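Bear in mind that the values in this text are calculations on the coordinates, not laboratory data. If you're wondering where the values come from, they're calculated on a predicted model, not measured in any experiment. All Cβ positions, glycine included, derive from the backbone under ideal geometry; neighbour counts span all protein chains shown.
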Amino acid sequence: MNIAPPVSVRVTGRKRLVRRGEKKMLEKVNIAEKLGLFDEHWSPKIAGEVGDSYVKLVKFRGEFVWHQHETEDEMFLVVKGNIKIKLRDGDLSLGEGEFVVIPRGVEHMPVAEEEAHVLLFEAKTVLNTGDVRNERTLTELERV
Ligand code: NI
């Protein structure tokens, strides 16, 4: 390998060297393939990182819970199926290939009559149930 050693650390493990040099191998992500790796509903999995945000994949079925995120916007992109995002002033229906950004502070409740697959793009600090804590709250997300 022809990576210049880090200036401040001359003796270092390979793992560290790779990370410092940002030479990590880039891998493409096949969304359908990743979605095939899990079955649970309402359990977002981390599929990528963009700066301070995560790309998450999640399966919806049924109703989630009314909540809001005080400081974070949340993007929902439908990959498969149809979803509804209930809002206090009306519902929003989204089909495959459509997305919406729910602004911070706006109460919402995702719903899917039949299973739907969704890509979420949101700050790493987002908690799935926002300001609500219940049995659906997930503080640690798995990666796919
Ligand atoms: Ni939310």
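Sites listed here are GluC sites (Glu not before Pro) in segment 55-89 whose DSSP assignment is loop and whose Cβ has at most 13 other Cβ atoms within 10 Å: Glu70.
Straight-line cross-link partners of Lys28 among the aspartates and glutamates, defined as a Cα under 14 Å from its Cα and at least 8 positions apart when in the same chain: Glu49.
Think of segment 33-144 as a dipole: +1 on every Lys or Arg Cβ, -1 on every Asp or Glu Cβ, centred on the Cα centre; then among Leu119, His67, Ile83, Leu119 lies furthest on the positive end.
Of the GluC sites (Glu not before Pro) found in segment 95-144, the ones in coil according to DSSP and having at most 11 other Cβ atoms within 10 Å of their Cβ are Glu135, Glu140. Here segment 27-123 is treated with +1 on each Lys and Arg Cβ and -1 on each Asp and Glu Cβ, and its dipole about the Cα centre works out to around 160 debye. By definition, a body whose alpha carbon gyration tensor gives a ≥ b ≥ c is oblate when a/c is 1.5 or more and a/b is not larger than b/c, and segment 27-123 fits this oblate description.
The alpha-carbon positions of segment 72-138 define a convex hull whose volume is 93 Å³ per residue.
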